[in-house]
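This report concerns only the one structure given below.
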Amino acid sequence: MRDNTLKYLLVLPAIVVVFATAIWPLIEAARLSFTVGRLNRPGSLDQYLGWENYAWAFFEEPAFWNSVWVTAIYTILTVALTTILALGLALLLAPGGRLRSGAQTLLILPFAMSPALIGVSFRFMFNPEFGLFDAFFGALIPPLADVSWLADPNLAFAVVVMADVWGWIPFLTLVLIGGLASVPRDTIEAAQVDGASGWRVFRDVTLPQLGPVLAVVIILKSIFSLKTFDQVFMLTNGGPGTATQTLSHYIYFNGMKYGQIGYSASVAWLMVIPMIFLTYAYAKFVFRKV
Amino acid sequence: MAEVKLKNLTKRWGDFVGVDNQSLNIKDQEFLVLLGPSGCGKTTTMRMIAGLEDPTGGEIWIGDRKVNDDLPKDRDVAMVFQNYGLYPHMTIFDNIAYPLKVRGTPKDETRPRVEKAAEQVELTQFLDRKPKALSGGQRQRVALARAIVRTPKVFLMDEPLSNLDAKLRVTMRAELKHLSRALQITTVYVTHDQIEAMTLADRVAVMKHGIIQQLGTPDEIYNDPANLFVAGFIGSPAMNLINGSVRDGMFVTTGGTRLTKLPTADRARAILGVRADDMSVHEAGQGDIDVTIYAFENTGESTLLTVQWGKQRVIARGDRHLRKEQDDVVGISLDPDHLYLFDPDTEQRIRM
């Protein structure tokens with residue numbers, strides 16, 4: 001009996017912390033999403049509107065749909081590019097070579113950088129006057145010399161995607177190297193002797209056995225792409241115009257800059273929906289019974 | 001069908017020599033067993049034939065083609081792996097069909113061939129299952145079926161029975177032998193189990209430290225070992241090796257016991273080899289010498305007597321009806337026609 005009490009006592013602090021920092025804010029945000037909730041209007045945090053904030057987002061706000069669109073394209077592009085490039089790198093680095101451990105250490109560096117820092121450094125590198133990349137591209141491909149990367153909507157978007165892919169490749173590569181190591185060598189060698197070419201060994205034997213790890217990688221990266229904020233904030237601040245405004249950035253803008261807490265809470269809750277699906281899928285793959 | 005020729009084959013990893021300048025001709029349709037303790041280079045030799053390992057030096061010929069630079073897929077060999085190497089995400093049917101599929105065999109031809117291979121290894125009712133649902137012995141059969149589904153030039157088998165339990169191993173051994181006689185395809189078989197080697201092989205190559213110690217039929221390997229290593233490795237229980245010398249045509253143990261006549265010149269140091277089966281057990285006083293029993297073991301089909309022979313222990317096989325106790329004294333005689341003499345320095349056989 002005493003042991004029983006003790007075990008709840010021991011996890012209690014953790015539960016309190018999770019409740020205070022995650023559960024309660026979620027509930028409070030849900031409540032706020034049904035209020036007028038304007039920071040500059042006293043009492044409006046308790047002024048209930050019903051579903052009006054949600055209706056506003058869906059039917060009256062093109063900027064909301066813009067940020068949904070930006071987030072969707074951004075997620076698809078970054079997940080696809082990061083996964084494919086990371087898989088390629090993992091395949092190159094997986095068989096034991098001398099450079100392997102050194103290369104792996106170097107690889108992890110971009111991941112160790114804070115996303116905000118990545119945003120700032122990419123902004124500097126693409127600066128039209130003294131940017132490193134800007135000069136680089138200009139020297140290699142002269143027609144690109146006078147391009148102002150962050151001023152063009154499409155190019156700015158490409159730069160944001162590039163910065164994110166760059167930052168995420170290392171971690172996903174490491175995960176995939178681990179996944180590749182768990183594919184039994186026997187099966188790969190059996191396929192080689194059975195007459196499969198390198199590509200077919202990869203397609204028929206390696207990839208299917210890598211499936212679960214690959215699924216985890218894709219889901220994990222999707223979650224992180226969906227909630228991207230800091231890089232966008234530091235690199236383009238959503239611009240030019242709203243060309244790179246992701247949902248998180250849109251929520252931040254409406255809530256913190258315009259003081260529309262109620263409205264931004266409702267958009268935040270709309271974002272929770274895909275997150276729940278992804279988290280569920282993630283948990284299913286990670287804790288799956290083998 | 002083809003012969004396999006290894007010419008001065010060498011494999012080195014840094015300073016470590018895996019296979020040391022070995023040459024070997026494997027005849028067409030021959031069942032050759034590479035036998036040796038772990039780390040002797042037998043698996044490396046096989047992997048080089050398969051193309052899974054690049055030789056450091058030497059040549060590999062399959063038929064009349066030098067295959068050193070060919071990828072595994074172009075060598076037309078089939079291999080059975082120790083851990084079977086089945087594709088876990090494919091059904092048994094797809095596993096067996098894979099070598100045909102990657103070679104672009106038409107679908108209507110694939111099915112009958114897979115079914116025939118499955119029939120040969122008695123797997124027909126499992127074709128829709130995944131490997132996970134099968135027992136070890138059944139998985140082993142799938143690996144075999146995958147190898148025999150097409151007619152390769154050479155079969156390579158890397159300790160295919162070593163993951164099976166003892167009883168199943170004996171059954172599978174017989175099935176393997178039956179199958180290989182029926183298929184008549186050149187086979188290279190790697191094992192550390194000398195009984196498998198003796199029972200399956202047309203010829204055995206006994207390896208140690210990357211060098212083939214002796215190449216011969218199971219009879220030759222057993223009855224005419226070339227050196228101490230082969231003598232000690234083949235046979236169960238292992239051949240007794242007794243230290244001593246040869247004086248006036250008699251073998252004298254280190255302890256001074258005059259053991260048996262030997263038709264050879266005197267030498268100060270020698271090792272006498274005698275198998276447990278080539279010793280006969282008598283009542284005390286009726287054999288060549290009397291010895292005390294250190295341990296008496298009844299295995300059912302025979303009895304094993306470990307006897308104290310000066311400072312050494314020697315194992316003799318007795319009649320299945322013999323019953324003795326520890327510390328009893330018995331007489332032992334050696335069969336003069338089945339004695340082997342070795343040089344303790346070179347470890348080579350001294351022919352008499």
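Values in this text are rule-based calculations from the coordinates and carry no lab data. The shown structure was predicted, so the numbers you read here are calculated from the model rather than taken from an experiment. When we count neighbours, we look across all protein chains shown, and the Cβ atoms used for this are built from the backbone with ideal geometry, even at glycine.
Tabulated data
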read-out: Of A:Tyr250, A:Tyr280, A:Tyr54, the one that fluctuates the most in a GNM where chain A has Cα springs shorter than 10 Å; value: A:Tyr280
read-out: Long-range tail of P(r) for region B:1-82 (Cα pairs > 15 Å, %); value: 55
read-out: Interchain or long-range residues, amide H under 5 Å from B:Gln214's placed H; value: B:Val206
read-out: Mean Cα-pair separation over length for chain A, i.e. relative contact order, pairs under 8 Å, 6 or more apart, %; value: 29
read-out: Computed [θ] at 222 nm, deg cm²/dmol, chain B (DSSP H ≥ 4; -39,500 (n - 2.57); rounded to nearest 500); value: -7000 deg cm²/dmol
read-out: Of B:Asn95, B:Val67, B:Gln82, farthest towards positive along the dipole that unit charges on Lys, Arg, Asp, Glu beta carbons give region B:4-228; value: B:Asn95
read-out: 10 Å Cβ neighbours from other chains, averaged over peptide A:178-191; value: 5
read-out: Ranked B:Lys153, B:Lys107, B:Lys27, criterion: other C-beta atoms within 10 Å, fewest first; value: B:Lys107, B:Lys27, B:Lys153
read-out: Test item: Cα-centred dipole of chain B, Lys/Arg +1 and Asp/Glu -1 on Cβ, debye; value: 1140
read-out: Dipole in debye (nearest 20) - region A:61-286, about Cα centre, beta carbon charges: Lys, Arg +1; Asp, Glu -1; value: 460
read-out: Residue exposure sequence - A:Met271, B:Met79, B:Met157 - by fewest surrounding Cβ within 10 Å; value: A:Met271, B:Met157, B:Met79
read-out: Chain A - convex hull of the alpha-carbon atoms, volume per residue in Å³; value: 216
read-out: Average partner coverage of A:196-203, which counts Cβ from other chains inside 10 Å; value: 3
read-out: For the protein assembly as shown, share of DSSP beta bridges that run antiparallel, in % to the nearest 5; value: 80
read-out: Dipole magnitude of the protein assembly as shown, debye to nearest 20 (Cβ charges: Lys/Arg +1, Asp/Glu -1, about Cα centre); value: 980
read-out: Inter-probe distance in nm under a simple model that places probes 7 Å from Cα toward Cβ, at A:Val16 and B:Trp13; value: 5.6
read-out: Shielding by partners, peptide B:69-78 (average Cβ within 10 angstrom, other chains); value: 4
read-out: Whole-Å semi-axes of the protein assembly as shown's equivalent ellipsoid (Cα gyration tensor); value: 73, 30, 25
read-out: Chain B - share of DSSP beta bridges that are antiparallel (%, nearest 5); value: 75
read-out: Debye-sum result for region B:4-228 in log10 I(q)/I(0), which assumes one identical scatterer on each alpha carbon, at q = 0.07, 0.10 Å⁻¹; value: -0.22, -0.45
read-out: ³J(HN,Hα) computed for each position of region B:305-310 - Karplus, 6.51 cos²θ - 1.76 cosθ + 1.60, integer Hz, glycine/proline x; value: 10, 8, 10, 8, 10, x
read-out: Residue exposure sequence - A:Ile251, A:Ile276, B:Ile350 - by fewest surrounding Cβ within 10 Å; value: A:Ile276, B:Ile350, A:Ile251
read-out: nm² value of the averaged projected area, convex hull over the Cα atoms of region B:240-350; value: 6.8
